[in-house]
Structure formats: C-alpha cells, structure tokens
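The values are calculated or read from the model by the stated rules, or taken from the named source; none is laboratory data. Small disclaimer: the values here were computed from a predicted structure and weren't measured. Here the Cβ is made from the backbone with ideal geometry for all residues, glycine too, and neighbour counts use every protein chain on show.
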Amino acid sequence: MKLLVTGGAGYVGSVCAARLVEAGHEVTVVDDLTTGHADAVPPGATFVEGDLAEVAPTLLADGFDGVLHFAAKSLVGESMQDPAKYWNGNVLTSLQLLDAMREHGTPRLVFSSTAATYGEPDQVPILETAPTRPTNTYGATKLAIDHAITSYAKAHGLAAVSLRYFNVAGAYGPYGERHTTETHLIPIVLQVAMGTREALSIYGDDYPTPDGTCVRDYIHVLDLAEAHLLALSHTVEGEHQIYNLGTGTGFSNREVVETCRAVTGHPIPATYAPRRAGDPATLVASADAAAEKLGWKPERTDLHTIVSDAWEFTRSRA
Ligand code: UFG
C-alpha cells in the first residue's frame, strides 16, 4: 500500500515506518522534527519535513491508500501546563488531517490513541468498553480525536482503527526512545545506568498495589508495530474500531527498577518521592479484543527482554 506515516521520525512512528518498509509498503514519512530525529526515518521511506496540517493536503492529493497518524504532543505533565499546545497540536492538527483525507478520498486511518483516555480505571484489566474519563489534557485530546474519527467513519465511510497504547518500551535495532525531555520510567532509569543522570526518584510508594508503587503494562515497541500492520489490513469502510494494546501483565515501578539493575549490572540509586499528579495506581490492558479481531499476539512480553532491547539501544547511541 502507499502509506503516509505522520510522526515517522519519532519513537513509535520510526519503528512502525521501518516495519512497514520491510513489509513492502511504499512509505512517506512526514514529521516537523520538533521531537523526532531525521536519522530515525528508515531508509527506503520518503521523508517530508514540515508541519503536518500544512503539507498533508498537498501530499494526500497524490493519492494514498492510508495514513498512520503518530504525530502528537505526548508529555502528560506539559499538557497540564500548556493545554493550548495540546488542543491545537493534537486535536486541531488531526481535524485538518481528517479533512485533507476526506477531500482526497484517502480510505484508511490507523491512529495512535492511548490508555490515558481511560483515566483512573474502575476495573483492571481495562476493556475497551471501560468509561473514558481522562485525568490529563493529553488523554483528553486523544479521546477528542477518537470521537472525531468515529464521526468521520460514520458520516464519510472512513475505515479507521485506533490503537490505545499502554506503556511502550524497548527498541528495534537503531530505532528507539530518545526524547530531549524524558519523562518515561525505563529510559530515565537507563540514563542513571549510563551515568548521564545521577539518581532516580520513584514517584509514590503508598499506592494500593502489592509493593506500594504504581503498576504498568509494558508493551514492546516491535509488538506494537506488528499490531499496526495487522490493523491496517483489518480496516473496514465506515467503521471505527478501537483496540487496547498491552500484554495484560503489570509490573510495578520497583520491579522495573530491579529488572533494570539486573540487565545493566548498575546499582541504580533510587529514592522515593511524592506521587506524581495524575498517575493512576494500576494500568493494565485487556488486549483480548486485539487478539480476537486482529489476530495480534505480543511476543516480547518478558520485561527482561524489553529492558535489554532498550539498554542495547541506549548504549549504541552513547
Ligand atoms: N516514574 C517514576 N519516576 C520517574 C518517571 C516515572 O517513578 O522518573 C513512574 C511514574 O510515576 C509512573 C510510572 O513510572 O508511576 C510510569 O511512568 P511513565 O511516565 O513511564 O508512563 P505513564 O504510565 O505515566 O505514561 C504512559 C505513556 C503516556 C500515556 C500513559 C497512559 O507514556 O503517554 O501511559 O496512562 F498517556
């Protein structure tokens, strides 16, 4: 297929773009490089640097079979400080993309949604039917886009799949996580192991979880990419399908740090700090729907493997 990958110079976008190219698709990446890196665009993809809302109409006029829309602002904390950046950068831009797709008859969309659309869950594992009550602006903007996609599918026949990522981690060869402003647990812990950060603060040890620290569902970025390829081939005209992507297993922050110690051989000094605002205690996905409807089965579910791949990537970039 001829595919437009927005945000394909970012972490998840670059891994997916690489897998799409390997699978034989014709890939054009568009990225403004505000958080992405030009050298993360895989060889074999065409790269267009620019503002998505500005360039999408011209690009799509060329006739594409589908769009994979990764480009987004994705820092939860920042979204609370500067909501306009998120409502404009995520919602407005996505609406402009949807309109450009409609105008040029682009039939398919795979959208990067998030577990943050659910907020604090009543029940775990979280099903796609769970209430959506985001606790931060980032999650609210992604949910708003999901609603817009549903309406466009119903009204205009768009074939769409939203994938709600839980905690993405790991790397795929030269493609991995390298944010200038890093807020995610595993890369921060690995920075300590690399010696580029002095110590780690674990936010909160008084959560209602087995060891008092938050529990998250870590999904390997390569398993996530495979889900995108499957989603692409399961789109249905006029339908907006929504799937959670996680492994169904939770690891506590303490377990993550211990695994990082085992993988890196570094003591990784850590102290407990107050809770971070907006952090739910436990986020674990039910990914049964993705298994049943897309035939997706995550294969790199072992935390040791996930951290080892991230560590290899971190060291290769040092
Ligand atoms: N954490 C620490 N210390 C740090 C960084 C993180 O203790 O220095 C903790 C957090 O408080 C949280 C856990 O590690 O308990 C995981 O935090 P991350 O920031 O790595 O990930 P989140 O679970 O907050 O966020 C992820 C995605 C978001 C998405 C969210 C859905 O990165 O994009 O899941 O809830 F919105």
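Couple of notes before you dig in:
- Among the candidates His184, His220, His234, His156, residue that is over 24 Å from Leu3 (Cβ atoms) and not charged (D, E, K, R): His184
- Inter-residue pairs, beta-carbon under 8 Å, first at positive phi and in segment 229-245, second surrounded by 23 or more Cβ atoms within 10 Å (Cβ to Cβ), 6+ apart: Gly238/Leu158
- Which numbered condition Glu299 fails, given (1) within 20 Å of Thr183 (Cα to Cα); (2) at pLDDT 95 or above; (3) charged (D, E, K, R); (4) not in a helix (DSSP H, G or I): (1)
- Looking across segment 294-316, the residues that are touching a helix residue (DSSP H, G or I) at 6+ places or on another chain (Cβ under 7 Å) and either small (Gly, Ala, Ser) or within 15 Å of Val192 (Cα to Cα) (or both) come down to Gly295, Val307, Ser308, Ala310, Trp311, Thr314.
- Every residue from segment 256-284 that is near the ligand (Cβ under 10 Å from one of its atoms), among the hydrophobic types (A, V, I, L, M, F, W, C) and either within 24 Å of the chain's Cα centre (by Cα) or modelled with pLDDT under 95 (or both): Val256, Val257, Ala277, Ala281, Leu283
- Of residues in segment 79-121 being surrounded by fewer than 23 Cβ atoms within 10 Å (Cβ to Cβ), in a loop (DSSP other than H, G, I, E, B) and within 15 Å of the ligand (Cβ to nearest atom), the one modelled with the lowest pLDDT: Glu120
- All positions within segment 3-47 that are more than 22 Å from Leu229 (Cβ to Cβ) and not hydroxyl-bearing (Ser, Thr, Tyr): Asp32, Leu33, His37, Ala38, Asp39
- Checklist (1) touching a helix residue (DSSP H, G or I) at 6+ places or on another chain (Cβ under 9 Å); (2) under 30 Å from Ser233 (Cβ atoms); (3) of a type outside the set (Gly, Ala, Ser); (4) near the ligand (Cβ under 9 Å from one of its atoms) applied to Tyr172, failing item: (4)
- So Thr249, is it within 15 Å of the ligand (Cβ to nearest atom), modelled with pLDDT of 95 or more, of a type in the set (Ser, Thr, Tyr) and in a loop (DSSP other than H, G, I, E, B): yes
- Tally, over segment 199-211, of residues that are touching a helix residue (DSSP H, G or I) at 6+ places or on another chain (Cβ under 8 Å) and either without any contact (Cβ under 8 Å) to a residue 60 or more places away in the chain or surrounded by 19 or more Cβ atoms within 10 Å (Cβ to Cβ) (or both): 3
- Residues satisfying the stated conditions in segment 212-246, i.e. within 15 Å of Asp302 (Cβ to Cβ) and either away from the ligand (no atom under 16 Å from the Cβ) or surrounded by fewer than 19 Cβ atoms within 10 Å (Cβ to Cβ) (or both): Leu222
- Consider segment 175-187 and keep the residues that are of a type in the set (Val, Ile, Thr) and surrounded by fewer than 19 Cβ atoms within 10 Å (Cβ to Cβ). The one that is farthest from the ligand (Cβ to nearest atom) is Thr180.
- Failed criterion for Leu190 (all others in (1) more than 23 Å from Pro274 (Cα to Cα); (2) outside any loop (DSSP other than H, G, I, E, B); (3) more than 8 Å from the ligand (Cβ to nearest atom) hold): (1)
- Tally, over segment 141-161, of residues that are in contact (Cβ under 8 Å) with a residue 40 or more places away in the chain and either part of a helix (DSSP H, G or I) or under 21 Å from Thr209 (Cβ atoms) (or both): 12
- Residue in segment 126-140 that is in contact with a Gly (Cβ under 6 Å, 6 or more places away or on another chain), hydroxyl-bearing (Ser, Thr, Tyr) and closer than 24 Å to Ala287 by Cα present: yes
- If you filter segment 1-55 down to residues that are among the acidic types (Asp, Glu) and more than 18 Å from Leu222 (Cα to Cα), you find that the one that is surrounded by the fewest Cβ atoms within 10 Å (Cβ to Cβ) is Asp39.
- Only one of the listed residues (Glu103, Glu128, Glu78) is touching a strand residue (DSSP E or B) at 6+ places or on another chain (Cβ under 6 Å) and acidic (Asp, Glu). That residue is Glu128.
- Failed item, numbered, when Pro267 is tested on (1) part of a strand (DSSP E or B); (2) more than 27 Å from Cys16 (Cα to Cα): (1)
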